[in-house]
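> Please find one structure pasted underneath; my questions will follow.
The values are calculated or read from the model by the stated rules, or taken from the named source; none is laboratory data. Given the structure is predicted, the values throughout are model-derived calculations rather than measurements. Cβ sites come from the backbone with ideal geometry, for glycine too, and all protein chains shown count toward neighbours.
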Amino acid sequence: MRGAVMSFNSYSSLHIFAQIAGSLSFKEAAGALHLTQSALSHRIRKLEQELGFPLFVRQTRKIALTAEGERLYRQVSRHFAAVSHEIDDIRHQALSGTLEVGSTPTFAQHWLVPRLRAFYRQHPELGVYLRSKGSRVDFALHPADIWIDYGDGHYPGLESQKLFDEVLMPVCSPTYADEMGLRDDPARLAACLLLHDIESIQPSDPQSEWRGWLTSHGLDAGLCRHHYSFTHYDAAIIGACSGLGVAMGRYQLARELVARGQLIFPFDHSHHQGLGYYLVTRKDFAEHPKVRAFMDWLLCEAFCLYEDRERFKPYEKHHSTALDAGRLAAQLGVKNLLLYHTEDKTLATRKERYTAEAALQFNGKVYVPEDLEEILLRSNE
């Protein structure tokens, strides 16, 4: 009945229902709740009578949720998770306990995990449980606090914030590039084996990333005839590192392998297909101190040129521009300025452009290093 007030026992029974529905086992739920199976069966029968519809289909050796039961479980599990989070925040004063973060395995391995040490230093009392899975998390079924998604920014009913855009750039081993004569000659791709990652695109069109890159630079999309496809980005990248062929790399994830010399970008051309990395959470979780602290930390990882400020919106992410950095360095009277974690799509001229913009405000030495590049300063500098 709509608008009916449920008793405390009914809410207790909903908790029992959620426990059983989560495991689809009266035996497991009884063990977790320290109750007998007969007691659970009695409580569920009374709950079904009160609700006016069945929750489970009872079979000889197993149970299954009815359509009504599935619908109720999605809502009940979400609300119990919210209550649990609120109690945890009150009990531990927000920045302790555990933060559950979801991400694709690729992003977690190549970008997030190498940076988590900095987050730990800021919040040593807050634990992180990282859930890596290829498909997007369902917040109604899984108690994740935040999900880092590679997508187009369309998340109806959820709170989202762009972390950064991603661009596509072909990558291969230095040896393969030399063997195939690839450097700065994309026409040579016709003789190469192209490696496709279909983890984040439509499996029915595994060549879409390569086709988009080729056509965006005026090249014939039918130029390349030899293809291998992989369900995970890592497999394509490992293939490229081993000299199997040329993979379509994502710049933010591939650049450290390039800095180590395992891969190279044989061409300067990049392609933005309208996708990026987004921080996604439920609206009722967005202002939780733990979630806010993690999002704020992630959003402090890049800055851009002043002329690109409307494009990348650095100030919304607590970033700055190269011009701002030069002005601040001049005000502080420092001798050397290092600009790192930049966000742009003109990689071939990045060092020159960032140096020139910072020099408009700063007269000292400006460094714009590549990933893992060492900067050596004399003691008097």
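> If Asp284 passes every condition in (1) in a loop (DSSP other than H, G, I, E, B); (2) among the acidic types (Asp, Glu); (3) modelled with pLDDT under 65 but one, which one does it miss?
(3)
> Residue by residue through segment 143-164, note down the ones that are crowded, with 19+ Cβ neighbours inside 10 Å and among the charged types (D, E, K, R).
Correct list: Asp145, Asp149.
> Shifting gears a bit: Within the bounds of segment 131-141, is there any residue that is at pLDDT 80 or above and not β-branched (Val, Ile, Thr)?
Of all residues in segment 131-141, those at pLDDT 80 or above come to 131-132.
If we keep only those that are not β-branched (Val, Ile, Thr) too, we end up with 131-132.
So far as segment 131-141 goes, yes, one or more of its residues are at pLDDT 80 or above and not β-branched (Val, Ile, Thr).
> Right, something else. From the list Ala4, Ala29, exactly one residue is surrounded by 13 or more Cβ atoms within 10 Å (Cβ to Cβ) and either at pLDDT below 90 or within 17 Å of Arg71 (Cβ to Cβ) (or both). Which is it?
On the way: Ala4 fails: surrounded by 13 or more Cβ atoms within 10 Å (Cβ to Cβ).
Only one candidate qualifies: Ala29.
> Given the criterion at pLDDT below 80 and not hydroxyl-bearing (Ser, Thr, Tyr), identify the matching residue among Ile44, Ile63, Ile87, Ile20.
Ile87
> Among the residues of segment 212-226, is there at least one that is buried (at least 20 other Cβ atoms within 10 Å of the Cβ), at pLDDT 85 or above and assigned to a strand (DSSP E or B)?
No, segment 212-226 contains no residue that is buried (at least 20 other Cβ atoms within 10 Å of the Cβ), at pLDDT 85 or above and assigned to a strand (DSSP E or B).
> Same structure again: Among the residues of segment 287-326 satisfying the criterion of being in a loop (DSSP other than H, G, I, E, B) and more than 22 Å from Tyr367 (Cβ to Cβ), which is modelled with the lowest pLDDT?
Among residues in segment 287-326 that are in a loop (DSSP other than H, G, I, E, B) and more than 22 Å from Tyr367 (Cβ to Cβ), the one modelled with the lowest pLDDT is His318.
> Across segment 26-67, what is the total count of residues that are aromatic (Phe, Trp, Tyr) and in a helix (DSSP H, G or I)? Steps first, answer last, please.
First, pick out the residues of segment 26-67 that are aromatic (Phe, Trp, Tyr): 26, 53, 56.
Still in the list and also in a helix (DSSP H, G or I): 26.
Total meeting the criteria: 1.
> Just for segment 246-266: of the residues that are part of a loop (DSSP other than H, G, I, E, B) and surrounded by fewer than 21 Cβ atoms within 10 Å (Cβ to Cβ), which one is modelled with the lowest pLDDT? Outline the logic, then answer.
As a first pass, look at segment 246-266 and keep what is part of a loop (DSSP other than H, G, I, E, B): 260-263, 265-266.
Checking which are surrounded by fewer than 21 Cβ atoms within 10 Å (Cβ to Cβ) leaves us with 260-262, 265.
On the way: Arg260: 85, Gly261: 90, Gln262: 94, Phe265: 92.
Result: Arg260.
> A follow-up question, please. Under 8 Å between Cβ atoms, at least 6 apart or on separate chains: pull out the pairs that start in segment 172-183 with a residue that is assigned to a loop (DSSP other than H, G, I, E, B) and end on any residue that is polar (S, T, N, Q) and surrounded by fewer than 13 Cβ atoms within 10 Å (Cβ to Cβ).
Matching pairs, first to second residue: Ser173/Ser242.
> Identify, from the list His232, His288, the residue that is assigned by TED's automatic domain parsing to the domain that holds Glu159, touching a residue at least 24 places away in the same chain (Cβ under 8 Å) and in contact with a helix residue (DSSP H, G or I) (Cβ under 8 Å, 6 or more places away or on another chain).
Unique residue meeting the criteria: His288.
> Still on this structure, please answer the following. With the condition kept exactly as written, say whether any residue in segment 251-264 is aromatic (Phe, Trp, Tyr) and in contact with a Phe, Trp or Tyr (Cβ under 9 Å, 6 or more places away or on another chain).
yes
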